[in-house]
Amino acid sequence: MKVLAVGGGAREHAIVKSLVKDGAKVFTVMKNKNPGLARASEEILLANEMDIEKVAEWGKSKGVDFAVVGPEAPLGEGIVDELAVHEIPAVGPTKFAAQLEISKEFCRDLLREHKIPGSIDYWVFDNIPDLKALLKDYDKDVVMKPIGLTGGKGVKVMGEHLMTHEDVLDYAQQIIQNKIGGSSRFVVEEKIVGEEFTLQAFADGRRVVPMPSVMDHKRAYEGDTGPNTGGMGSYSMKNGLPQFATFEEVEEAVGIMQQTVDAMRAIEHPFHGTLYGGFILTKEGPRILEYNVRFGDPEAMNVLPLLEDNFVDLCGQIMDSSLPSAVKFAEKATVCKYVTPVGYGVKSQAGEKVFVDEAKIEQTGAELYYASVDERDSDIYTTTSRSLAIVGIDEDIAEAERMSESALQYVSGKVFMRHDIGKPDPIEKRIRRMEAIRRGEIG
Ligand code: GLY
């Protein structure tokens with residue numbers, strides 16, 4: 001099989017590694033030269049992934065059998081529809097179905113109209129007076145979300161990023177003035193108290209087949225402090241469940257995702273691809289915070305190395321609605337830690353050399369996924385985005401964490417990383433917090 005892969009990050013490196021391992025020849029389009037992707041691919045095209053016509057034409061000229069699209073932005077731009085014009089089937093949603101991620105308004109409305117459990121109170125505004133009227137009567141904390149894509153950096157929570165109603169109004173003003181996320185519209189949601197987890201699932205238009213749950217760390221600094229980022233790392237437990245949740249609670253989340261896919265089919269826009277549910281577990285069960293319409297980044301690196309079924313076959317089954325009822329993953333824990341440029345989350349220092357001793361990393365047993373670096377004359381340079389990810393995998397999460405740390409010592413340069421991800425203390429802290437929430441002590 002010849003496959004067109006779109007995207008140049010660590011998520012796409014993980015996708016392409018899996019495709020190649022399972023027998024595909026891959027042709028990859030990316031903006032900067034990601035050395036891992038370049039080596040794994042038959043051929044690469046350095047181009048803007050948003051130039052969807054160029055991407056589709058290149059795929060056609062290579063005679064690919066299908067395409068896999070990594071990032072959300074080209075999906076929102078309609079790359080799957082454009083590929084269809086060029087008779088290339090794709091693993092990923094159409095432009096319409098991609099609205100589940102691209103428009104928070106579309107997503108919330110769909111959940112409400114189809115009475116899907118796990119939904120929460122929300123309002124959509126594009127002006128200050130209406131927001132002021134809500135805040136006058138609403139006595140709970142709120143969460144502010146620009147309607148469109150913000151790379152995970154647009155969500156602001158009262159009590160964390162916004163301390164007062166004045167702060168909420170100021171942020172609304174910024175969204176309106178600067179069209180953050182591409183629009184002056186924004187969603188105001190009730191703030192939900194709980195513990196967050198990611199549940200990714202393959203979806204073939206009808207059926208949802210879950211992958212192991214993953215816990216993501218969005219904040220830049222240790223102890224989950226500092227600015228929001230695209231994600232500094234993530235971990236998953238051997239049994240595939242969040243350490244603070246029961247099997248039944250995760251099954252409830254799977255049910256919410258199944259009903260969402262059913263709703264998309266009911267409106268005649270079936271969802272084919274990877275559906276990413278950003279959930280928060282509350283005392284009353286899981287609530288959906290957001291959907292993404294692709295693998296998570298970093299979460300792809302926690303699940304794809306564990307996949308035991310053939311990924312190329314699964315891609316075919318996603319496209320032709322024939323997924324089996326379950327997909328096999330190795331029962332192992334994973335710890336993924338991102339290496340980023342210094343200043344990432346505030347002002348990244350781009351153009352700095354990164355030194356990676358691949359042979360030594362391999363000896364530790366950890367997986368290495370290159371992200372948004374640029375390879376020039378055999379040297380690797382930072383860009384403004386994340387540089388590379390290291391993933392430790394073991395039966396025991398403590399050993400997986402140690403493996404990721406021992407590999408990280410072989411990466412140097414002007415780079416930054418969080419060392420606390422996957423360590424026992426932050427994991428225990430989440431268990432204890434969830435217990436307190438269940439007892440009604442936090443809420
Ligand atoms: N981990 C967050 C995302 O992929 O959007």
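Some observations on this one:
- Modelled spin labels at LYS115 and GLU53, positioned 7 Å past Cα toward Cβ, are 4.6 nm from each other.
- If you look at the Cα atoms of the chain, you get an Rg and a Dmax of 20.9, 61 Å.
- When the alpha carbon gyration tensor of region 107-217 is reduced to an equivalent ellipsoid, the three semi-axes, largest first, read 27, 16, 15 Å.
- Kirkwood hydrodynamic radius of region 70-167, Cα pairs, Å: 15.8
- Taking other C-beta atoms within 10 Å as the exposure proxy, TYR276, TYR369, TYR291 rank TYR291, TYR276, TYR369 from fewest upward.
- For region 288-429: Kirkwood Rh in Å [reciprocal of mean 1/r, alpha carbons]: 16.7
- Gap separating the Cα centres of region 1-35 and region 383-410, nearest whole Å: 21
- Highest-fluctuation residue, SER372, SER236, SER119 considered, GNM on the chain with Cα pairs under 10 Å: SER119
- Helix-only mean residue ellipticity at 222 nm for the chain, each DSSP H run of n ≥ 4 adding -39500 (n - 2.57), per residue, nearest 500: -9500 deg cm²/dmol
- Calculated FRET efficiency, ALA436 to ASP262, Cβ-Cβ distance, R0 = 35 Å: about 0.50 to the nearest 0.05.
- Rounded to the nearest 20, the size of the Cβ-charge dipole of region 208-302 about its Cα centre is 160 debye, with Lys and Arg at +1 and Asp and Glu at -1.
- Mean sequence separation of contacting Cα pairs (under 8 Å, at least six apart), scaled by the length of the chain, corresponds to a relative contact order of 16 percent.
- Cross-linked pairs LYS145/LYS218; LYS95/LYS153; LYS17/LYS328; LYS347/LYS423; LYS95/LYS218: Cα-Cα separations exceed 20 Å for LYS95/LYS153; LYS347/LYS423; LYS95/LYS218.
- Inter-label distance, nm, simple model (7 Å from Cα along the C-beta direction), ASN310/MET1: 0.8
- Build a GNM of the chain with springs between Cα atoms under 10 Å apart, and of GLY159, GLY205, GLY345 the one that fluctuates most is GLY159.
- Span-like helix check, the chain: qualifying full DSSP H segments, with Cα axial length of 18 Å or more and mean Kyte-Doolittle of -0.5 or more, are 247-266.
- Restriction of the trypsin sites (Lys or Arg not before Pro) in region 237-314 to DSSP coil positions whose beta-carbon has at most 15 other beta-carbons within 10 angstrom yields LYS283.
Just so you know, all these numbers are worked out from the coordinates, no wet-lab data involved. Here the structure is a predicted model, which means the values were calculated and not measured. Every residue, glycine among them, receives a Cβ derived from its backbone with ideal geometry; neighbour counts consider all protein chains shown.
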